[in-house]
Amino acid sequence: MKKQVMEYASGNEMAAIAIKQIGYDLMGYYPITPSTQIAENLDIMRANGDTDLVMIAAEGEHSAAGICYGAAVAGGRVINATSANGLLYALEQFPVQSGTRYPMVMNVVCRTVSGPLSIKGDHSDIMYLLNTGWPILFASTVQQVYDFNIIALKLAEQVRLPVVVAYDGFFTSHQKGRCQRFAEDEDVRAFVGKRQDPYPFLDLEHPITVGSYMNEPDLMNNRYQMHLAMEQADRVLPKLFADFGELSGRHYGKVEGIGCEDAQRTLVLLGSSYDTAMEAVEELRRSHGEERDKVGAATLHVLRPFPGKELVEKIGNAEHILVADRQDSYGAGGGNLSLEVRASLQKYGSKAEVKSLIYGLGGKDFFKEDAKAMLSIAGDASWPDFAYYGITPGVKADEKGPLFAPVTRERTGIGATKVEKEEANGLKVTGGNLNAVTAMPGRIAPGHGACPGCGIPVNLNLLLKGIEDPVVFLFQTGCGMIVTTAYPKTSFKVPYLHNLFQNGAATLSGVAEICYRKQQKGELPPGDIVFVMVSGDGGMDIGMGSALGTALRGHRLLIFEYDNGGYMNTGYQLSYSTPLGARSSTSHVGKKQYGKTFFNKDMPQIMAATGIPYVATVAESNPTDFIKKAAKAAHYAKTEGTAYIKAISACPLNWNDKPATERKVIEAAVNCCYFPLYEVEQGVTRLSYDPEKTGKKIPVSDWLSMMGRTKHLQKEEYRHVVERMQKEIDARYQVIKKNAEEA
């Protein structure tokens, strides 16, 4: 045994420690709850110089998987972590990697797959991986997360397949426990050994082709080789577990059980629930003395290759078996675990009666009393073979009509009309003063769950002040969606739809086209409707492809981005809109790192390059300008094609400033030209506000000093970062000014 030390840590923290000790080369990742903490902890280590891991924050999970695949092909040791819909977004990449036989490790921190949106833990994501050709280890404790991460890489490189380490989101990932880790990184690296590539991709004297086009019978043979590799994994796992046991003193098998030797009723489940089931079994077996209740529980540490033989050897003598799934394979009469357990029992000759229960979806807690109840259900003939456990009856709606009066089409005098002079090229906005637009009917209710000082409600209300016509909203996932639609309540008095980050604009384009079609056919009344997609919290990173496609197709809708400079709804990780040098939970400040290392993305210019009729930037510090641009955008969205507005949006919690001063912080961002106010209308650029002419221009350092996330940049050691940022801001602003002067 090698020397070990005690850690009091969570599963995500122990995964990060194992990754650091192994000495991986690269991590491609994208933030998603609850797996993001792995990258956050590794970034702290990176900032402090404890690891030289290359960390690449992709713009989405699909790209993160591609980054990992490329790095693995090139001969690097590669790690990734994801959850839920992030896993599904990247899903098509996983058979590519297993099919070409390149090893890596991915932590899947299990979470509910949307929709509806839920970030809590169940097993609906991990089961999508069963047919991708990746061996899957399932850790039920924090200790196992650490141990299995070390075992997984050795397994991956022995059988030349990528391997998953799965564990329960929030239960195992966030809850802390005492566990052991190796004191010396070298002991971990000696156990894993050196990576051996039989055909190095970067050997330029012996070039190879990876991922050839295949037909039958070559593809058939490829799949057979993957089958053989999985059989090899099945054979080598016992030795890997045994070797690791000698090194650590912790011994694992493919299946673990308690009380199974003489159990008449046995409960089978995955993950953190097993510890709870163990307590229930121990208590039930103690409670009846000599006539003790003969119950047992079992869990699997390996999902692929499925350990059917070992499982039946463990539980097959029981009279009654209940398999509890935190996931349903809808229409199959049980979750995937249940179906595979049933098949294994039949294959290996068990006569046990089997029942299946679906439980714990969406992170619903699992208590010792629930485990006892399930063990009772196992032998209860009154329960069907398949059922849901823990559902609650709904409440009949009280039919009293709508909760609020319908939004009317009252006019407030604001409007955008085409300028008749040919050389003017654009729209003229009439009305729009702040006093007049107070008469606009409210389309967002007063109640929401946003933090004090949050800019999202402010910006949404200013946008709506400039739009008289009826509005249909689509919100991408983000703080704006989460704080306004917590079931069963909503903050919206207008039609509202949610879809995920990466597909919002495409979804809304479908809504808009059906509406226009129904109006043409007389199935809906005629009249203008403004379709508005609301994005923020990094949504225009992962969702940029969908937005650009929508713009290029020219769908008549308005894309509104509130730019709060980070993935705020997942705990403030860096996004491509985060300022250079800003501190975030994936761009820490330390002796080896100064915050985010690359410039913020210029999304307005990217959208303008698509040739859409209207692009504008707005800020709450200039409300009249904001409202008039909203009116223009609405006009173009109704009549010509896609319009885009971007607002800088305050986030006091993560900007680390005070809610009462946010208007001044926003104004400073405008006055330093980090966030210039301008519009691109029909290809013509116009400056809306020039702080140089008004004598209000300030250096970017003044703005940076107002926020805790960038206050460290005031130190002399980071002066080069501020100078680099100032140079880039000035260059971007001069391009806008030049374009405006030439219009």
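Residue by residue, here is whether (1) touching a helix residue (DSSP H, G or I) at 6+ places or on another chain (Cβ under 7 Å); (2) surrounded by fewer than 20 Cβ atoms within 10 Å (Cβ to Cβ) holds:
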position	(1), (2)
Pro217	no, yes
Leu228	no, yes
Leu267	yes, no
Gly271	no, no
Asp275	no, yes
Val302	yes, no
Ile315	no, no
His320	yes, no
Among residues of region 574-587, those that are under 15 Å from Ala39 (Cβ atoms) and either of a type in the set (Gly, Ala, Ser) or surrounded by fewer than 22 Cβ atoms within 10 Å (Cβ to Cβ) (or both), counted: 4
Which numbered condition Val721 fails, given (1) in contact with a Gly (Cβ under 7 Å, 6 or more places away or on another chain); (2) modelled with pLDDT under 95: (2)
Complete set of residues in region 153-186 that are part of a helix (DSSP H, G or I) and either within 28 Å of the chain's Cα centre (by Cα) or within 22 Å of Pro238 (Cβ to Cβ) (or both): Leu153, Lys154, Leu155, Ala156, Glu157, Gln158, Val159
Enumeration of residues in region 682-718 that are over 30 Å from Ile627 (Cβ atoms) and assigned to a helix (DSSP H, G or I): Ser701, Lys711, His712, Leu713, Gln714, Glu716, Glu717, Tyr718
Among the residues listed as Leu460, Leu474, Leu524, Leu497, the single one being hydrophobic (A, V, I, L, M, F, W, C) and in a helix (DSSP H, G or I): Leu460
Boolean, Gly177 is within 19 Å of Ala9 (Cα to Cα) and either in contact with a helix residue (DSSP H, G or I) (Cβ under 9 Å, 6 or more places away or on another chain) or surrounded by fewer than 15 Cβ atoms within 10 Å (Cβ to Cβ) (or both): yes
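Would you check if Leu219 is among the aliphatic types (A, V, I, L, M) and outside any loop (DSSP other than H, G, I, E, B)?
Numbers: among the aliphatic types (A, V, I, L, M): yes; outside any loop (DSSP other than H, G, I, E, B): yes.
Against the criterion (among the aliphatic types (A, V, I, L, M) and outside any loop (DSSP other than H, G, I, E, B)), Leu219 qualifies.
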Long-range neighbours under 8 Å by Cβ, at least six apart or interchain, first residue over 20 Å from Ala643 (Cα atoms) and in the same structural domain as Arg556 (by TED's automatic domain parsing) within region 508-520, second surrounded by 13 or more Cβ atoms within 10 Å (Cβ to Cβ) and not charged (D, E, K, R): Lys518/Leu524
Number of the condition not met by Glu716 [criteria: (1) at pLDDT 95 or above; (2) more than 30 Å from Gly554 (Cβ to Cβ); (3) crowded, with 22+ Cβ neighbours inside 10 Å]: (3)
Number of the condition not met by Gln519 [criteria: (1) in a helix (DSSP H, G or I); (2) surrounded by 17 or more Cβ atoms within 10 Å (Cβ to Cβ); (3) not aliphatic (A, V, I, L, M)]: (2)
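Across region 125-141, which residue is surrounded by the most Cβ atoms within 10 Å (Cβ to Cβ) among those that are β-branched (Val, Ile, Thr) and not in a helix (DSSP H, G or I)? I'd like the intermediate steps shown before the answer.
In the first step, residues of region 125-141 are kept if they are β-branched (Val, Ile, Thr); the result is 126, 132, 136, 141.
Okay, now just the ones that are also not in a helix (DSSP H, G or I), so 132, 136, 141.
Values: Thr132: 19, Ile136: 23, Thr141: 21.
My answer is Ile136.
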Count of region 352-394 residues which are touching a Gly at 6+ places or on another chain (Cβ under 7 Å) and of a type in the set (A, V, I, L, M): 2
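Given the criteria within 19 Å of Gln327 (Cα to Cα) and either surrounded by 20 or more Cβ atoms within 10 Å (Cβ to Cβ) or not hydrophobic (A, V, I, L, M, F, W, C) (or both), does Lys396 qualify? Write out each step before concluding.
Working: within 19 Å of Gln327 (Cα to Cα): no; either surrounded by 20 or more Cβ atoms within 10 Å (Cβ to Cβ) or not hydrophobic (A, V, I, L, M, F, W, C) (or both): yes.
Answer is no for this residue.
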Test for Met6: is it modelled with pLDDT of 95 or more and aliphatic (A, V, I, L, M): yes
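The values are calculated or read from the model by the stated rules, or taken from the named source; none is laboratory data. Small disclaimer: the values here were computed from a predicted structure and weren't measured. Cβ atoms come from the backbone with ideal geometry, glycine included; neighbour counts cover every protein chain shown.
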